[in-house]
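The values are calculated or read from the model by the stated rules, or taken from the named source; none is laboratory data. Not measured: the values here are computed from a predicted model. All Cβ positions, even for glycine, are placed from backbone atoms using ideal geometry, and neighbour counts span all protein chains on display. We work out accessible area using only protein heavy atoms, side chains counted, and drop any ligands, DNA or RNA first. Shrake-Rupley method; radii C 1.70, N 1.55, O 1.52, S 1.80 Å.
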Amino acid sequence: MFVSDFLGTDGAKVAALDNGTGAVATYVVYSAAGSPLRLLVLNSNYFDGSTTRASQSMQFTGLTRASGTVRAKRMTAPAATSLADQGAAVTIGGNGTFSTSCVPQGTQATEPVTVSGGNLTVSVASSGALIVYL
């Protein structure tokens, strides 16, 4: 569901923005005209739920929007091994969860992200992901 939201139906191309060697992966979906539509930040640093959860900040530069606010949606869970069908609170957008039969329930929400000087910075916790709607 989260990946489908990132890919959308309006995208023409998906590209990786990183070199694939780190624990944080970044992708962008472009329109047919070549404009970036959405960013995906995936923090694959393993979080087992028993320690303090670390996060990683990522900065994106050269955005066509010079300033203002864009929206973002997070996916998170209590740990990397959490499963909705076993009752874990896997969430999308904070309030969007799943039943034990993996049926979506609740209302997903977005959060504001500030763009300043064509740049934005986001933070993603270990074993979490974030979609930024440009």
### Task
Confirm whether S57 is modelled with pLDDT of 90 or more, of a type in the set (G, A, S), assigned to a strand (DSSP E or B) and out of contact with any Asp or Glu (no Cβ under 8 Å at 6 or more places or on another chain).
yes
### Message
Of all residues being open to solvent by less than 80 Å² (accessible area, probe 1.4 Å) and in a loop (DSSP other than H, G, I, E, B) in region 28-47, which is farthest from S116 (Cα to Cα)? Just the residue, please.
### Response
F47
### Summary
Taking region 73-115 and keeping residues β-branched (V, I, T), open to solvent by 30 Å² or more (accessible area, probe 1.4 Å), in a loop (DSSP other than H, G, I, E, B) and closer than 25 Å to D48 by Cα leaves T81, T100, V103
#### Entry: Residue, least open to solvent (accessible area, probe 1.4 Å), within region 1-27, restricted to residues that are touching a residue at least 12 places away in the same chain (Cβ under 8 Å), assigned to a strand (DSSP E or B) and in contact with a Phe, Trp or Tyr (Cβ under 9 Å, 6 or more places away or on another chain)
T26
#### Entry: When residues of region 62-72 are limited to those that are at pLDDT below 95 and either on the phi < 0 side of the Ramachandran plot or of a type in the set (K, R) (or both), the one least open to solvent (accessible area, probe 1.4 Å)
L63
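For region 116-130, how many residues are within 16 Å of T61 (Cα to Cα) and open to solvent by less than 30 Å² (accessible area, probe 1.4 Å)?
3
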